[in-house]
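Asker: To start, I am sharing the structure in question, which I have written as structure tokens.
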Amino acid sequence: MCPFLGSHWWTIFGGKMPLGTIASITVSLREVGFTQRGAFYPSADDDVPDIKNNEPTLTLVLAGNVGPAMWERFTSERDPTIDLLDEWSEDVIGKVAKLHGGKAFFPFHEPYLPFQRWAQRAQACYASPLGMFIHSDYGLWHGYRGALAFPEKLQLPAVQNSPNPCISCEMKPCLGACPVGAFRTYESDAACIKANYNVSACVKHLGLPIGNDCMQLGCRARRACPEGISARYQPEQANFHMRAFLRASRIKEGSNI
Ligand code: B12
Ligand code: SF4
Ligand code: SF4
């Protein structure tokens, strides 16, 4: 129910929209800086949690960041030198889910939920050789910040079919761009190439002065990809994500830095 109108309608752009439709959820997400990243009806092997006991999730809508919108909104509401993006995402995406009668799940909560698998069900996006997922418009410059679960089957548009950019990318510059060869070894089959990401080589490099390029501008392997250049993160956002990644990786490795 809409807290402002006291009804199942919600005022937007001077008009009214019914709550709990894919269109109104998309608009609510956009209003708080996020992009609706597709939706699907989960089946048992999607490992989508129930909303609560005896209330299965019948529709899952993904929310993510694309381009600068999320960063602009986050930095206008919070101080990125102190506040955590995860906490802010939980706050605003959680409120959108509640407003529309659903519940939110998050990619950063442990045990990790299979967001990348869900991403493939929800929208045409594909595993790149780097492990990050690629989208034909945004390249590697997008992420997932939450999933909104609903107890009913919302009416959904058909998934748009767009091609996997990695298939026609013959030179695969992403694989050779890392200064410490973190993607040097890989496995391949007819369908795809999957690099064995050497996380410790990467983290070690990022901690040295020579790693400043990746720290300030973002992963050089990611930047080597020619797709989605207009969606690339600006240096301030790239540096924020790199610092968060370095911090998280060090905690996982048991370092006290
Ligand atoms: C743990 C984790 C890491 C770990 C380990 C990553 C790794 N490569 O193994 C560390 C800390 C090292 C890491 C690093 C980064 N991560 Co990370 N990470 C995660 C996290 C939290 C959990 C992953 C997981 O274990 N899922 C559990 C399994 C069961 O889920 P799944 O969807 O079924 O996973 C399957 C697919 O990922 C698939 N898969 C993965 N790679 C490939 C490649 C091919 C070819 C195929 C076929 C399948 C495939 O196999 C998995 C098992 O089935 C996810 C968020 C999430 N919840 O998914 C982010 C996530 C994957 N990370 C993300 C990012 C952006 C990064 C970084 C770039 C961080 C940064 N600086 O911004 C780096 C670089 C990553 C890299 N090159 O791989 C994004 C990726 C966005 C995207 N476009 O796809 C995610 C989705 C988080 C988000 N908020 O969007 N990450
Ligand atoms: S450089 Fe080519 S292979 Fe690598 S992620 Fe980009 S499109 Fe895919
Ligand atoms: S952040 Fe830099 S060191 Fe780490 S994988 Fe990317 S290019 Fe390599």
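The values are calculated or read from the model by the stated rules, or taken from the named source; none is laboratory data. Note that the structure is a prediction, hence the values are computed from the model and not measured. Ideal geometry is used to build each Cβ from the backbone, glycine not excepted, and the neighbour counts take in all protein chains shown.
Asker: Condition check: surrounded by 13 or more Cβ atoms within 10 Å (Cβ to Cβ), at pLDDT 95 or above, in a helix (DSSP H, G or I) and not assigned by TED's automatic domain parsing to the domain that holds Y144. Does C214 satisfy that?
Answerer: Here the answer is yes, as C214 does meet what is asked.
Asker: Here is a further query. Being surrounded by fewer than 20 Cβ atoms within 10 Å (Cβ to Cβ) and assigned to a strand (DSSP E or B) is the requirement here; does Y144 meet it?
Answerer: No: the conditions fail for Y144.
Asker: Would you mind stating whether N196 is farther than 29 Å from F74 by Cβ, in contact with an Asp or Glu (Cβ under 8 Å, 6 or more places away or on another chain) and within 11 Å of ligand 1 (Cβ to nearest atom)?
Answerer: For N196, the condition - farther than 29 Å from F74 by Cβ, in contact with an Asp or Glu (Cβ under 8 Å, 6 or more places away or on another chain) and within 11 Å of ligand 1 (Cβ to nearest atom) - is met.
Asker: Would you be able to tell me the number of residues in the range 177-224 that are within 14 Å of ligand 2 (Cβ to nearest atom) and touching a strand residue (DSSP E or B) at 6+ places or on another chain (Cβ under 7 Å)?
Answerer: Adding up the residues that qualify gives 6.
Asker: When the range 101-117 is examined, which residues are found to be within 7 Å of ligand 1 (Cβ to nearest atom) and touching a residue at least 60 places away in the same chain (Cβ under 8 Å)?
Answerer: L113, P114, R117
Asker: For residues that are buried (at least 22 other Cβ atoms within 10 Å of the Cβ), part of a loop (DSSP other than H, G, I, E, B) and within 16 Å of ligand 2 (Cβ to nearest atom), tally how many sit in the range 93-128.
Answerer: 1
Asker: Identify, from the list A190, A182, the residue that is surrounded by fewer than 12 Cβ atoms within 10 Å (Cβ to Cβ), part of a loop (DSSP other than H, G, I, E, B) and of a type in the set (A, V, I, L, M).
Answerer: Among A190, A182, only A190 is surrounded by fewer than 12 Cβ atoms within 10 Å (Cβ to Cβ), part of a loop (DSSP other than H, G, I, E, B) and of a type in the set (A, V, I, L, M).
Asker: Sticking with this structure for a sec: Tell me, which residue of the range 222-241 that is under 19 Å from A195 (Cβ atoms) and assigned to a helix (DSSP H, G or I) is farthest from ligand 3 (Cβ to nearest atom)?
Answerer: Only one residue tops the list, namely R223.
Asker: While we're on this one: Being touching a strand residue (DSSP E or B) at 6+ places or on another chain (Cβ under 7 Å) and outside any loop (DSSP other than H, G, I, E, B), is that true of even one residue in the range 42-56?
Answerer: Scanning the range 42-56, I find no residue that is touching a strand residue (DSSP E or B) at 6+ places or on another chain (Cβ under 7 Å) and outside any loop (DSSP other than H, G, I, E, B), so the answer is no.
Asker: I've got another one for you. Among the residues of the range 193-210, which ones are free of Cβ contacts under 8 Å to residues at least 60 places away in the same chain and in a loop (DSSP other than H, G, I, E, B)?
Answerer: N196, N198, G207, L208
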